[in-house]
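The values are calculated or read from the model by the stated rules, or taken from the named source; none is laboratory data. All values derive from a computational prediction rather than experimental measurement. Methodologically, a virtual Cβ is constructed for each residue, glycine included, from the backbone with ideal geometry; neighbour enumeration extends over all protein chains shown. Just so you know, the surface numbers come from the protein's heavy atoms only, side chains and all, with ligands and any DNA or RNA stripped out. Shrake-Rupley method; radii C 1.70, N 1.55, O 1.52, S 1.80 Å.
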Amino acid sequence: MSNILCLESSALFCSVALGIDGECESFVQSNEKMNHGKEITLLIDNCLNKTELQLSNLDAIAVSSGPGSYTGLRIAFSCAKGLCFALGIPLIGIDTLAAIVNRVYTSDHSYDHYIPLIDARRKEVYYSIYNSNFEVVSEVDNKILDENSFIEFENVLFCGDGAEKTKDIVKHKSAEFDIHPPVAKYMVSLADSKFRNNAFEDSAYFNPIYHKLPNITKSKKALF
């Protein structure tokens, strides 16, 4: 049996899911945007309270590894690493884009390509490309969208929160769109698979997939 707590904080809303043997047993999500630091521990508590399990019953912690919000990812990573260290259990990293595809792929295998997209502000997205066998054919990258982006792929499903602006910009005749942000419950089956294959991360050195450096501006105001 595997009891795995899954943490997702790469997007606007933080969410937590508890997976038991690859099935989502409980799921909770924040109602406030970008409030991860305040709510993540409360969500964990609420998620566990829906079951008879406690932190001591967990076999692993899974964390959405990005790309996505720089601050959001760091919050979940800090929480996951702290729990793993305190409980003496392994850490599992789940590609955020893979979890986005997993949401639609589990119920629909009819597309030749699945392109998960994460909004990276303005006209830019983070993306990767999967084929009809849920195999990666293009690793994570970032792209500034124009009307011809991804036009070479036919029978394609764009999914994720970045699919919304892609729908407005890209002129693709054979594409469909599934506009949903990443959430923790679609990490569960992926985390269970990694757990059974002992595909664990080094809790001390595992870091988020930022892909780009954070956009940090310096104040022009004088300190004194």
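Have a look at F85, F77 and point out the one that is out of contact with any helix residue (DSSP H, G or I) (no Cβ under 6 Å at 6 or more places or on another chain), aromatic (F, W, Y), touching a residue at least 12 places away in the same chain (Cβ under 8 Å) and surrounded by 15 or more Cβ atoms within 10 Å (Cβ to Cβ).
Details: F85 fails: surrounded by 15 or more Cβ atoms within 10 Å (Cβ to Cβ).
Exactly one residue qualifies, and that residue is F77.
Please determine, by comparing only the residues of the stretch 59-74 that are part of a loop (DSSP other than H, G, I, E, B) and open to solvent by less than 10 Å² (accessible area, probe 1.4 Å), which one is farthest from M1 (Cα to Cα).
Applying the first criterion (part of a loop (DSSP other than H, G, I, E, B)) to the stretch 59-74 yields 59, 65-69.
Those left that are additionally open to solvent by less than 10 Å² (accessible area, probe 1.4 Å): 65-67.
On the way: S65: 24, G66: 27, P67: 30 Å.
Top of the filtered list is P67.
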Residues of the stretch 8-19 satisfying the condition of being closer than 14 Å to T71 by Cα and either among the small types (G, A, S) or buried (at least 24 other Cβ atoms within 10 Å of the Cβ) (or both): E8, S9, S10, A11, C14
Selected residue (criterion: nearest to S78 (Cα to Cα)) from residues of the stretch 20-44 that are of a type in the set (D, E, K, R) and open to solvent by less than 80 Å² (accessible area, probe 1.4 Å): E39
Residue in the stretch 99-108 that is in a helix (DSSP H, G or I), open to solvent by less than 50 Å² (accessible area, probe 1.4 Å), among the polar types (S, T, N, Q) and in contact (Cβ under 8 Å) with a residue 24 or more places away in the chain present: yes
Subset of the stretch 127-163 [touching a residue at least 40 places away in the same chain (Cβ under 8 Å), open to solvent by 20 Å² or more (accessible area, probe 1.4 Å) and within 13 Å of G68 (Cβ to Cβ)]: V140, N142, D161
Boolean, F195 is open to solvent by less than 60 Å² (accessible area, probe 1.4 Å), more than 20 Å from I118 (Cβ to Cβ) and either of a type in the set (G, A, S) or at pLDDT 95 or above (or both): yes
